[in-house]
Amino acid sequence: MQYSNNKTKIMVEQDKPFQGKYLEQMSLLLGEGRSPWTAARFMKERIAHAHEFPDLLSYLDVPDLIFYDSRTRSGNPNGNPKFILTVDKNGRVTEEGRKALEFINPNAKLAPDYEFNPNSFYDSLPGIMVRSGLPALEVLEKHLTQKEILESKVWRILARHPDEVDKEFAEDRTLLKEYANWVKIQTKQETNMGVYLNYNPRDEYYINPKLMAFCVGRLDFKSEIGFRKILDHEINGRFVGYLAPI
């Protein structure tokens, strides 16, 4: 992201863009002692500063993860997805969160041959388990009405709603409503913020365990959310690293 407004010099010093090969950027960011912007942080920054910094209208990869157990191990055709929040409400990477984020590195050998089996870490990484699977969470693969957005399990978790996440991560319960309204005003559309996870439990791809990261989409794509396949070597990673308070 490019910032040029002199009035926000402090913000520039605290927040640094990391863009490039996906599996390299997270390692570089953590190596500098920074915390990646979460989806909730990105939502707040868009509301407050998008009029000054057009880059905030583009997409952002965030450290909010989703971890699918394997179908054979879980006994669930949906793979028991677990949401893993890696950065606390104060902007610090948690100890367990760092373990999860360190899976995102240039030497990751999770695909295509699954040399490394993340199942051994599934139980050890704390998160929000959804045993009924994603299809039970909400309507997926379409843009949502304001009511559907506010009821979306995925969006409520990413917005750190206190009724959905632990106190360590919980933030403003009004954030999702404020952000959904802001997006609606910007797009002038009645439906926005779709949840596009390309999830199909009948697909053979979901037999094996998967660790993925969420990506908050561009505003001109109605701020939809999807996931990045950490297992793939994406070259267009886009993070922002934050100097969290000591």
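The values are calculated or read from the model by the stated rules, or taken from the named source; none is laboratory data. Remember, it's a predicted structure, so these values are computed and weren't measured experimentally. Using ideal geometry, Cβ is built from the backbone for each residue, glycine included, and neighbour counts are taken over all protein chains shown. Note: areas computed on protein heavy atoms with side chains; ligands, DNA, RNA excluded. Shrake-Rupley method; radii C 1.70, N 1.55, O 1.52, S 1.80 Å.
Using heavy atoms of the protein chains and a probe of 1.4 Å, the accessible area assigned to Arg156 is about 50 Å². In this structure His49 has an accessible area near 50 Å², from a 1.4 Å probe over the protein heavy atoms. Accessible area ranking (1.4 Å probe, heavy atoms, ligands and nucleic acids excluded), largest first, for Leu85, Leu243: Leu243, Leu85.
Residue ranking by accessible heavy-atom surface, 1.4 Å probe, largest first, among Leu150, Leu144 comes out as Leu150, Leu144. Here each label is just a point 7 Å from Cα along the line to Cβ, and for Glu178 and Lys99 those points are 3.4 nm apart. Could you compute how much accessible surface Asp163 exposes when probed at 1.4 Å, giving the result in Å² to the nearest 10? About 100 Å², ignoring ligands and nucleic acids. Full extension from Asp123 to Ile235: what is 0.36 nm times the residue separation minus their Cα-Cα distance, to one decimal in nm? Answer, rounded to one decimal: 37.3 nm.
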